[in-house]
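Taken together, the values in this text are just the output of simple stated rules run on the coordinates, not laboratory data. Worth saying up front: this structure is predicted, and the values here are computed from it rather than measured. When we count neighbours, we look across all protein chains shown, and the Cβ atoms used for this are built from the backbone with ideal geometry, even at glycine.
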Amino acid sequence: MTKNKSKDSKPPCRTKCLKNTDSPFSMSKKVTRKSKKSSLENTQDNGVGSEGSMAMSADRHVCYAQSVQAADAEVLNLINMRKQISSSLNIPLALREDFCGTAVLSLEWCTSSVARTAYGIDNDTSVLSYAKKHTLATAETQDAASRVNLVHGNVLTPRSQFKTRIPRVDIIAALNYGICYFRTRKELVEYLCICKDGLKKGGCLIVDMYGGSDVYSVKGRTIIRKLRGFDYIFEQTGFNPMTNTVHINLHFHFKDNSWQRNAFQYDFRVWTIPEVREAFHDAGFEKLNIWVASSSHSTTSLDDLDGIESGGEPSSGEEEKENGAGILSYRIVESDWIPQLKRYNVYVVGCVEDGEETFSDQDYS
């Protein structure tokens, strides 16, 4: 069983605001609004909407990107976080995007400079095919797209064993909660060791994770965010304290009351900050930065859909929330204490400095 994920299983990172304003629909038309119902089980559609509905014509990958991705902001984050921790004066040019999915981050990285290259790794051939056909083939800058190298494989495979040559890079990004796919400490440390071997001197591994007291609710939680054209719905089942795992569904609810239910599904292990920090140290990363942001997203119920005009134009206040607070304000943690938070997002940044070994052969257990 592989532990690599694709964009089909890409986790719902809620640290970014709506950036992409392109329509998710393959055709546009006016829709007569129908009355809403109060739960997923009672909606008119089963799974994807009925023929002719907005749900049927919408591209779920585009809906996902509009809901939770802001690749341009993420590229700036990667550069700035490396600058804060690395003593290297070299400009970062080579990126490896693990769990790359549709490779929007890799493309944005290459778009940001004509000197940049990216290597996107994913174990799902269908989503890599989508990335080639849609993300890269339709890119505004084909020169940038030509510098994105898509690689089929498992991120737990040492880079020397890939058929495609993957050089050491300046930054490895495992974002959108990719490490939450690893269920055991052994797997996590193994992955971090492989990443350390894939970095140049002065290079950084950047992963993100989420947590907070709300995550551990036995009742689960639902978050509904109103976007242009549709509602993004994050649904988490109850927390299992025996395994520290949760199940998450993402749904999209459209203006005509059609649904893409369970458009994306994933099972995560919820790692704690100390667990990940200790795993980085055990993998040989001696220099770490922890960046924390408290999430402002409110937890609500699917019943609240009765009071939401699905997919309408946001008010000025709502737009400020999506385009301002949607990208959270991160700060470096400079001590071993932070206050208890209901919801938070974290970047963990590990750096390989001059003089460090680039491969760890220690026991991962």
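Quick look at the numbers
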| read-out | value |
| --- | --- |
| Ranked Tyr344, Tyr330, Tyr64, Tyr216, criterion: other C-beta atoms within 10 Å, fewest first | Tyr216, Tyr330, Tyr344, Tyr64 |
| Extension gain (nm, one decimal) between Asn90 and Leu288, 0.36 nm per residue minus Cα-Cα | 69.4 nm |
| Long pairs among Lys83/Lys226; Lys186/Lys287; Lys287/Lys342; Lys133/Lys287; Lys186/Lys342; Lys83/Lys219, criterion Cα-Cα beyond 32 Å | Lys83/Lys226; Lys133/Lys287; Lys83/Lys219 |
| Within the stretch 255-279: backbone nitrogen closer than 17 Å to the Leu341 label point (7 Å, Cα to C-beta) | 270-277 |
| Net charge over other residues, Cβ less than 10 angstrom from the Cβ of Asn249 (K, R count +1; D, E count -1) | 0 |
| Packing-based exposure ordering (other Cβ within 10 Å, fewest first) of Thr243, Thr237, Thr102, Thr117 | Thr243, Thr237, Thr117, Thr102 |
| Alpha carbon centroid spacing (whole Å) that separates the stretch 121-177 from the stretch 55-92 | 14 |
| Least to most buried among Trp337, Trp259 (fewest other Cβ within 10 Å first) | Trp337, Trp259 |
| Neighbourhood charge, 10 Å Cβ-Cβ cut-off, centred on Ile194 and excluding it, Lys, Arg +1 and Asp, Glu -1 | -1 |
| Around Cys110: net Lys/Arg minus Asp/Glu count, Cβ-Cβ under 14 Å | -4 |
| Contact order normalised by residue count of the stretch 218-270, Cα under 8 Å, 6+ apart, percent | 29 |
